[in-house]
Amino acid sequence: MSDLSTPTPQQIAEHGLSDEEYESLCEQLGREPNLNELGICSVMWSEHCSYKSSRIHLAKFPTTGKRVICGPGENAGIIDIGDGDAVVFKMESHNHPSFIEPYQGAATGVGGIMRDVFTMGARPIALLNALRFGEPDNPKTRSLVAGVVAGIGGYGNCVGVPTVGGEMNFDPGYNGNILVNAMCVGLARADSIFYSAAKGVGNTILYVGARTGRDGIHGATMASAEFDDDTEEKRPRVQVGDPFTEKRLIEACLELMATGNIIAIQDMGAAGLTSSSIEMADKGGVGIEIDLDMVPQREDNMTAYEMMLSESQERMLIILKPGTETQSRQIFTKWELDVDVIGRTTDTGRLVLNHKGETVCNLPIAPLSDLAPKYDRPWKKQEPAPELNAEDLPQRDPVDALCRLMVCPDMASKRWVWEQYDRHVMNDTLADSASSCDGAIVRIHGTDKAVAISSDCTPRYVQADAYRGGKQAVAESWRNLIASGAKPIAITNCLNFGNPEKPEIMGQFVQAVEGMAKACDKLSFPVVSGNVSLYNETNGKAIPPTPTVGGVGIVKALDHVIGFGGAEVGDLLYLVGETSGWLGSSLYAREIEGLSGHMPPPVKLSVEQNNGKFVKKAIQQSLVRAVHDLSDGGLACAAADMALASDVGMVLETHDEMPNHAWLFGEDQARYLLAVPSHKLNQLQRLAYKQHVPFVFAGEVVGDDIKIGAARIKVADLRKKWEGWLVKYMENIHGNAGE
Amino acid sequence: MRVAVIVFPGSNCDRDVAEAIAQVTGKQPIMVWHRETTFFDVDLVILPGGFAYGDYLRPGAMAARSSVMRHVLDHAKAGGLVLGICNGFQVLTEIGLLPGALLPNAGMKFICKPVKLKVTRTSTPFTGSFTKGQYLDIPVAHHDGNYFAQKDELSRLEDNEQVVFRYENNPNGSINDIAGLSNVSGNVLGMMPHPERAMVHGKTRGDGYKLFNTLMEMIR
């Protein structure tokens, strides 16, 4: 059957369009589409490209601010960091492909997010990733971890952008759908930002980068559907990455950008040539005509359908100023990249594709972008989770509980992972995953400034109460940036949820978004870019809702950078913030008592702000030697982190009116642990009093043991356990890793 | 000191090493594109780290056949200094300026971490100011740093005292803990660790700085 024929009902169903959507499409076109056009429309209307279920809720995010240069809607968000510099960043999911083919799925996730950033004129300077895997005992988990980590490293290391941070959780809820969220941060000049609007009629459209092959066809549609037992058969839809081409593409594009030849530029990401050309035309208010015979092709006899839906990696579309074609081509030829003029902008407002002498597609642009479906899906408010009363839980040996928490999969050292990432190429990394700092810190090249970056989400909170959990993810990101010496500026996010057609899943989404929006608004921490990944379900079972937050802050002077590794013997430990002993949905409840689903801690944003302001002052006035945000595992785990990082012992205080487990492991928000040199204590106490900040003695830095009451453990022994878990777990497939 | 940094497609430590050189010498090195066919007159040629040609075929194999490498060979044979760092070391073994080969790490994983190096040869312009047995802190970041040479070749290069650096704790399975290797006359050095990433150590100068500084003083 030719691609110009009218599609059969079966073909329509295979393209993932509902009957109503197909009818609406025909109505807007005034006719039935041919098969090429159906393919194009189906990807543009897929959840992945159209955000049809999420758009009306994403509008709730605050997206503007004094420092925001570009908010959501472009390839990435941009903030002004002063002195003419701008930071460009975004986070994106590559969940579905990574589950099917972990190495390529994760690698192309990294490649895709880097392209989003350099497309805007920025040189990528840092990568982070937020990974969620199934339970360690699941037979697939180990090989997924190995593949994803190798893929992330394989791509980022080769391109030469440091992977500086991230997070990694294990939960049975991800057994059938892992999450791979990659974040990239780039540096640009504020007066030299590139956008995707193809303004002007008659301009040349340049195709550059890798050739188009048959890989990844319908990847966007796959990412908009649930998995079932036949998921493995979707492997051909996974794209294959080539970091060497990406590296050359970055250098060539940045070189071309410096010439002033570019009107607009866009990477070919999800839905490849289709979405890049349509988005550029739509934003520029023009039509586009493409001669598909001119598209560089990797394989023989590719059809129009295949070329338009291919998700081959490392490709860009560029609209050039007239007369600059020759000079522009030379740059790509120098970098040994394919380059060809494939079409021009028109005044028709239509996407016209010609192939082998025939017009194979002629669609109006508007129905594919602005007029794409937009749903207000029905959603169900979550039932309030029950509260967990700390008094009802048994007393336990606190040091034994601490050890069990520190070696649980979520908390155990991730050295096995981050040693596989080049964290230092570009020579500007000041704090990375190895550095005992709540944020990753990357210097702005050649200056005394830096950006701080943090990736956060506590899925068990979101699962129990999506609104609180959403708020908490934003607040924790903000707190991590404060605790590393930065001023929090803005976030990107990656919203990973199940099937939005189910009211309870949609309810999680709506409430999480509202919680995040509230926190962003109150903390002046706007959303400048983001990505939504829905349908993370297998055989009808959804993942724990996981709205990952990627926060970015500015460090004005490098001597403000601080971590939790600087505590010295003789320092006093002080706890900033109020402790009620909140154990609902805590790590302690889950790991020690096997309890989950209870109400997570409340997030009081004005308290968060006030406590943060105090900590920032304490850092800037050099009153503290180490700072750590309190999160999973509460006070005791934060203290243990500090002890391990500083290689010192600690005596931790207990509380007169609270059970040990509540005081030590409660996860009340807006708290920090400080290591204070004794001669600075007076000054710090005065500051806390003046700022109305709860400031409580929590222990002291002394000896080689962590000691709580009569119980104790050697820091060296704790380190062995903490460092040991992941290595032991992973080496089961690698045999002797030779290290 | 006049320095050239060769840039291959896929080099990614070229900027870092150029800045390290500029920091030590106060002068920007010249950046030489791999297609360069005209002669460049310098004291030192640096082959930087990265993934030249994406490490396709074998790390360094395609870069070794770039047109610029003919000049590098001539320069080395005339006694000029050549420093290959990481991927640059792989290029040097591929082109035969240094013996042996760099295989995938014993654990088959990329390794990025600080390592301790023991200086074992000081009769080179790169290490002349160090003392034998001295330890240096310089990090590694590579996937293929597992040095290998056949038995007789290995004993030959040990007899010639060509091993310049050895790992204190071997991270990658390198035979005889070899981390850095020179040719017999000592004007060509290949090393897996990245001295350009060790320019500072806390608030003081790092061992990478000392290595580049040694070079500068030797040449001056």
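The values are calculated or read from the model by the stated rules, or taken from the named source; none is laboratory data. The structure displayed is predicted, hence computed values, not measured ones. Quick reminder, even Gly has a Cβ in these numbers, built from the backbone with ideal geometry, and neighbours come from all protein chains shown. Calculation scope for accessible area: heavy atoms of the full protein, side chains included, ligands and nucleic acids excluded. Shrake-Rupley method; radii C 1.70, N 1.55, O 1.52, S 1.80 Å.
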Report summary line: Those residues of segment B:95-117 which are within 7 Å of chain A (Cβ to nearest Cβ), in contact with a strand residue (DSSP E or B) (Cβ under 6 Å, 6 or more places away or on another chain) and basic (Lys, Arg) amount to none
Report summary line: Every listed condition ((1) within 19 Å of B:Tyr209 (Cβ to Cβ); (2) crowded, with 17+ Cβ neighbours inside 10 Å) holds for B:Leu47 save (1)
Report task. Select from segment A:344-387 the residues that are open to solvent by less than 30 Å² (accessible area, probe 1.4 Å), closer than 23 Å to A:Asp293 by Cβ and of a type in the set (S, T, N, Q) and write down the one among them that is nearest to the chain's Cα centre (by Cα). Result -> A:Thr345
Requested in this report: Scan segment A:6-29 and give yes if some residue there is within 30 Å of A:Leu144 (Cα to Cα), touching a Leu at 6+ places or on another chain (Cβ under 9 Å) and not acidic (Asp, Glu), otherwise no.
Outcome: yes
Query raised in the report: In segment A:108-127, is there at least one residue being touching a residue at least 60 places away in the same chain (Cβ under 8 Å), open to solvent by 10 Å² or more (accessible area, probe 1.4 Å) and assigned to a strand (DSSP E or B)?
Result: yes
Query raised in the report: If you go through segment A:539-561, how many residues are among the β-branched types (Val, Ile, Thr), open to solvent by 20 Å² or more (accessible area, probe 1.4 Å) and in contact with a helix residue (DSSP H, G or I) (Cβ under 6 Å, 6 or more places away or on another chain)?
Result: 0
Requested in this report: Those residues that are of a type in the set (A, V, I, L, M, F, W, C), open to solvent by less than 10 Å² (accessible area, probe 1.4 Å) and closer than 24 Å to B:Ala52 by Cα, I need them from segment A:129-156; list them, please.
Outcome: A:Val148, A:Val149, A:Ile152
Query raised in the report: Mind checking whether some residue in segment B:206-218 is open to solvent by 40 Å² or more (accessible area, probe 1.4 Å) and at pLDDT below 95?
Result: yes
Report summary line: Subset of segment B:4-31, residues more than 10 Å from every other protein chain (Cβ to nearest Cβ), open to solvent by less than 10 Å² (accessible area, probe 1.4 Å) and closer than 20 Å to B:Leu73 by Cβ, comes to B:Ala4, B:Val5, B:Ile6, B:Phe8
Report task. Just one of (1) in contact with a Lys or Arg (Cβ under 9 Å, 6 or more places away or on another chain); (2) open to solvent by less than 40 Å² (accessible area, probe 1.4 Å) trips up B:Gly190, so point out which. Result -> (1)
Query raised in the report: Of these, B:Asp144, B:Asp137, B:Asp207, which one is of a type in the set (Asp, Glu), within 12 Å of another protein chain (Cβ to nearest Cβ) and either within 23 Å of B:Cys13 (Cα to Cα) or under 14 Å from the mean Cα position of the chain (by Cα) (or both)?
Result: B:Asp144
Requested in this report: Taking the residues in segment B:22-49 that are touching a Lys or Arg at 6+ places or on another chain (Cβ under 8 Å) and in contact (Cβ under 8 Å) with a residue 40 or more places away in the chain as candidates, determine which candidate is nearest to A:Gly156 (Cα to Cα).
Outcome: B:Leu44
Report task. Being in contact with a Gly (Cβ under 9 Å, 6 or more places away or on another chain) and open to solvent by 10 Å² or more (accessible area, probe 1.4 Å) is the filter; apply it to segment A:604-618 and report the residue that is nearest to A:Ala517 (Cα to Cα). Result -> A:Val607
Query raised in the report: Any residue at all in segment A:526-535 that is under 30 Å from A:Gly565 (Cβ atoms) and open to solvent by less than 10 Å² (accessible area, probe 1.4 Å)?
Result: no
Query raised in the report: Within the bounds of segment A:297-311, is there any residue that is away from chain B (no Cβ under 14 Å), in a loop (DSSP other than H, G, I, E, B), under 12 Å from A:Gly209 (Cβ atoms) and open to solvent by 10 Å² or more (accessible area, probe 1.4 Å)?
Result: yes
Query raised in the report: Of A:Gly154, A:Gly121, A:Gly165, A:Gly160, which residue is in contact with a Ser or Thr (Cβ under 6 Å, 6 or more places away or on another chain) and either within 14 Å of chain B (Cβ to nearest Cβ) or at pLDDT below 95 (or both)?
Result: A:Gly165
Query raised in the report: A:Tyr574 passes all but one of (1) more than 22 Å from A:Val701 (Cβ to Cβ); (2) in a strand (DSSP E or B); which number fails?
Result: (1)
Requested in this report: Evaluate segment A:405-413: report whether one residue or more is buried (at least 18 other Cβ atoms within 10 Å of the Cβ), within 14 Å of chain B (Cβ to nearest Cβ), modelled with pLDDT of 95 or more and under 30 Å from the mean Cα position of the chain (by Cα).
Outcome: yes
Report task. Would you point out the residue of segment B:98-122, among those that are in a strand (DSSP E or B) and more than 15 Å from the chain's Cα centre (by Cα), that is surrounded by the fewest Cβ atoms within 10 Å (Cβ to Cβ)? Result -> B:Pro114
Report summary line: In segment A:647-694, residues that are basic (Lys, Arg) and touching a residue at least 24 places away in the same chain (Cβ under 8 Å) total 2
**Report entry** Selection within segment A:312-337 - within 33 Å of the chain's Cα centre (by Cα), modelled with pLDDT under 95 and more than 14 Å from chain B (Cβ to nearest Cβ)
**Finding:** A:Ser312
Query raised in the report: Of everything in segment B:166-183 that's in contact with an Asp or Glu (Cβ under 6 Å, 6 or more places away or on another chain) and open to solvent by 40 Å² or more (accessible area, probe 1.4 Å), which residue is farthest from B:Phe126 (Cα to Cα)?
Result: B:Asn170
Query - Search result, residues across segment B:37-67 that are aliphatic (A, V, I, L, M), within 14 Å of another protein chain (Cβ to nearest Cβ) and closer than 21 Å to B:Leu189 by Cβ - result: B:Ala52, B:Ala61, B:Ala63
Query raised in the report: Name the pairs: first residue in segment B:183-200 and within 14 Å of another protein chain (Cβ to nearest Cβ), second residue among the small types (Gly, Ala, Ser) and surrounded by fewer than 24 Cβ atoms within 10 Å (Cβ to Cβ), Cβ to Cβ under 7 Å, at least 6 apart or on different chains?
Result: B:Ala198/B:Gly206; B:Met199/B:Gly206; B:Val200/B:Gly206
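Residues checked against (1) without any contact (Cβ under 8 Å) to a residue 24 or more places away in the chain; (2) of a type in the set (D, E, K, R):
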| site | (1), (2) |
| --- | --- |
| B:Cys86 | no, no |
| B:Glu94 | no, yes |
| B:Pro104 | no, no |
| B:Gly107 | no, no |
| B:Lys118 | no, yes |
| B:Thr122 | yes, no |
| B:Phe130 | no, no |
| B:Gly133 | yes, no |
| B:Pro139 | no, no |
Query raised in the report: Out of (1) touching a residue at least 60 places away in the same chain (Cβ under 8 Å); (2) farther than 26 Å from A:Arg479 by Cα; (3) among the acidic types (Asp, Glu), the odd one out for A:Asp705 is which?
Result: (1)
Query raised in the report: Is segment A:690-701 home to any residue that is on the phi > 0 side of the Ramachandran plot and either surrounded by 14 or more Cβ atoms within 10 Å (Cβ to Cβ) or part of a strand (DSSP E or B) (or both)?
Result: yes
